[in-house]
Structure formats: structure tokens, C-alpha cells
1. Residue pairs, Cβ under 7 Å, 6 or more apart or interchain, first in region 113-134 and β-branched (Val, Ile, Thr), second part of a loop (DSSP other than H, G, I, E, B). List them.
2. Which one is surrounded by the most Cβ atoms within 10 Å (Cβ to Cβ), of the residues in region 161-189 that are in contact (Cβ under 8 Å) with a residue 60 or more places away in the chain and charged (D, E, K, R)?
3. Taking into account only those residues within region 104-122 that are within 17 Å of the chain's Cα centre (by Cα) and farther than 23 Å from His146 by Cα, which is surrounded by the fewest Cβ atoms within 10 Å (Cβ to Cβ)?
4. Within region 286-329, can you find the residues that are among the β-branched types (Val, Ile, Thr) and touching a helix residue (DSSP H, G or I) at 6+ places or on another chain (Cβ under 8 Å)?
5. Residues in region 221-242 that are more than 19 Å from Arg269 (Cβ to Cβ), assigned to a loop (DSSP other than H, G, I, E, B) and of a type outside the set (Gly, Ala, Ser): how many?
6. Could you list all residues from region 308-329 that are touching a Leu at 6+ places or on another chain (Cβ under 9 Å) and buried (at least 18 other Cβ atoms within 10 Å of the Cβ)?
7. Starting from residues that are under 20 Å from Pro119 (Cβ atoms) and of a type in the set (D, E, K, R), keep the ones in region 50-81 and report whichever is surrounded by the most Cβ atoms within 10 Å (Cβ to Cβ).
8. Check whether at least one residue in region 144-156 is of a type in the set (Ser, Thr, Tyr), over 18 Å from the mean Cα position of the chain (by Cα), at pLDDT 95 or above and farther than 30 Å from Gly106 by Cβ, and report yes or no.
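The values are calculated or read from the model by the stated rules, or taken from the named source; none is laboratory data. No experiment lies behind these values; they were computed from the predicted model shown. Here the Cβ is made from the backbone with ideal geometry for all residues, glycine too, and neighbour counts use every protein chain on show.
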Amino acid sequence: MPEVRVDPLSGLKAIIADARSDRPGSGIAQAEPHPPIDPERDAFAAGHEAQTPPEVDALRPDGSAPDTPGWRVRVVPNLYPALAPQAPDPPREARVDLFAVSGARGAHEVVVNSPESVPSLADLPAEQLTLAMEMWRARVAHHASHGAACVHLFVNEGRSAGASQPHTHAQLVALDFVPARIARERERFGAYATATMGGNLLQDLVQAEVRLDQRVVAIDDEAVVLAPYASASAYQLLLAPRAPQMRFEDGGPLLAAALHDALGRLRRRFGVVPPLNLWVRTAPRGAEHFCWRIDLLPRFAQPAGLELGTGLDLNPVAPETAARELRDA
């Protein structure tokens, strides 16, 4: 029977309706492979550095010059940024209390994960994925140290997941405010620590999941991979460090091996890597208790009227089913 579950980290509700995965058009078993990339038209490929804005950072083991080949991971400003460092405040409407507005100030960057023309993180060798994630960490640390209230690093793969470039890349936005959902998680971590005299919400959640052993997908020396109890979408995964740490940017395990394994399990389960969104959740400004993590959401369907109109998530595959299938993959 369908259930309404509450996400322990955000407090938001999701409907788990397992039988809906069998309905026509659910898309669960119809993931298509990413189309091949034409290297000659790939703006992010090595040798095409002039097709992007000048780089702001790069991993160049051979000491090559900026904006030339020889890099392993490269960072450039987003050509179509959602934020600008010096965005001015626009004119206010007469009724300021009804029409709040400010300039969208911050940074918006692209991290090109590989010089090779591949469409998915899953196509990267483990070593290259680690190098890419090390750059993710370096850029998050850079913006956090320069006063960003919230740094959000994310990956979109596939057009249905919002990717405009097929070459594997991450994006980073550095905000001067903390978005409501992240602020909500910050407050829940703080409230839980107060109620439990210092307990860490994500650490205790992971320990409970390991004891129950219903939604755990994989465990290694650094990370636990699980299908969250109130998964917002089918085959959603959460990757948590085994030793809790507030901030991704503060060092410690990257969880690269766990992410490489999780992507491989999705590929084996579906025959291809489905379109997906991935993000790194790190402690925002004002957090006294937190634990960073990676969220990974395959995209088999678009949100529709129920989700968009109510804010409820509707998941047609129970997390227990997803975890079992991915363990077996």
C-alpha cells in the first residue's frame, strides 16, 4: 500500500507508491544511453580551450600554460551564469513588503571533469573521478573561504536532467544567502544535536540504517551508500562518510570509490547510466552541527502536477526495492 514518509534530514514528505512503477509510461525500464559526443564539436574537450571563458583553475601535472591542452581537470566561469559577483540591486517596487528583490550576487563555475569527450561520471576511470572530486573540493573551499554563505556543487547528466553540454562536468554556485531547504536541514541538525545532547543526525541515521539492513546498498572503509527512507525519486541514493564531518571542503575521504561503485551499480541495473542529478551537501553559514553527504537522483520522469503543486515528492519504487536491486547489481 502507498505510504507517506518523512525525510529525517529535511522533514519533507514523500509518497512511496511502489505499484506505480508498473504503470504505462513510468519510464523506469526505458533509460536510453547517452548519445555519443562528436569530439570535433565538443567545447569542453582538450584542444578547444578557446571555446570557453578563460580558466580560473586547473590541474596541470605537466606544468602547461593556462588555456592550453595538458590539463586533467579544468575550471571556467559559466558562460551563461545565474549569478554575478557585482550584480546591483534592481529598483524596488512601491510596495517593498510585497516585492522583495536584490541582485543575484555570487559565482557560477563549471568544472570540466575530464579532457576526454565522455558524457558521464560513470565513464571515468576511478583515478580520474578522484581527480575531478579533488577539484570539486578545492573550488568549494575557495568560495567558502571567500565568504560565501552557501556553496552548492552539482552535476546534471542528460538533457532530461538539465544538462546543456553532453561532456561530463560539474557546476558550482556560491551564494550570499542560504536557500530555504538547506537552512531547514541546518536547523534540523541543530535541533537534533540539542535533543540528543550532541548527537549527529546523519551519523545516527546511517547507524540505524546499517542495523536495520533494509536500505543499505554498499559499505566500504569510507562511506555508506543507501536508498533514503523517504526517497524523493526512484533509485535515489545517499552517500555518507562513515566518520561524520561537517564540511566537504575540510578534507578527509572524498567518497570517490563509493560514488564510482554506485554509478556502476546503476549502469548494471539498467544497462545504461540513466540521466541523473547529483549534488554535494556541505554545511552552510550558521551551521553548528552538520554532516556533509552526496545525493544522487536518477531521472526517469519529470515532476508533474502533484509534485509541482504541492511540494510532495512521488516515488514509484520503494527504497527497499531499489536497495535490493542495486545490491544485487
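1. Val118/Leu124; Val118/Thr168; Thr130/Leu254
2. Glu185
3. Pro119
4. The first filter runs over region 286-329 and keeps only residues among the β-branched types (Val, Ile, Thr), leaving 294, 310, 317, 321.
Listed by number, the residues that qualify are Ile294, Val317, Thr321.
5. Looking only at that region, the number is 4.
6. Quick first cut of region 308-329, residues touching a Leu at 6+ places or on another chain (Cβ under 9 Å) only: 311-314, 319, 322-323, 326, 329.
Hits for region 308-329 are Asp313, Leu314, Pro319, Ala322, Ala323, Leu326.
7. Across region 50-81, the extreme among qualifying residues is Arg74.
8. As a first pass, look at region 144-156 and keep what is of a type in the set (Ser, Thr, Tyr): 145.
Next, from what is left, pick out any that are over 18 Å from the mean Cα position of the chain (by Cα): 145.
Filter once more, keeping what is at pLDDT 95 or above: 145.
Then keep just the ones that are farther than 30 Å from Gly106 by Cβ; that gives none.
No.
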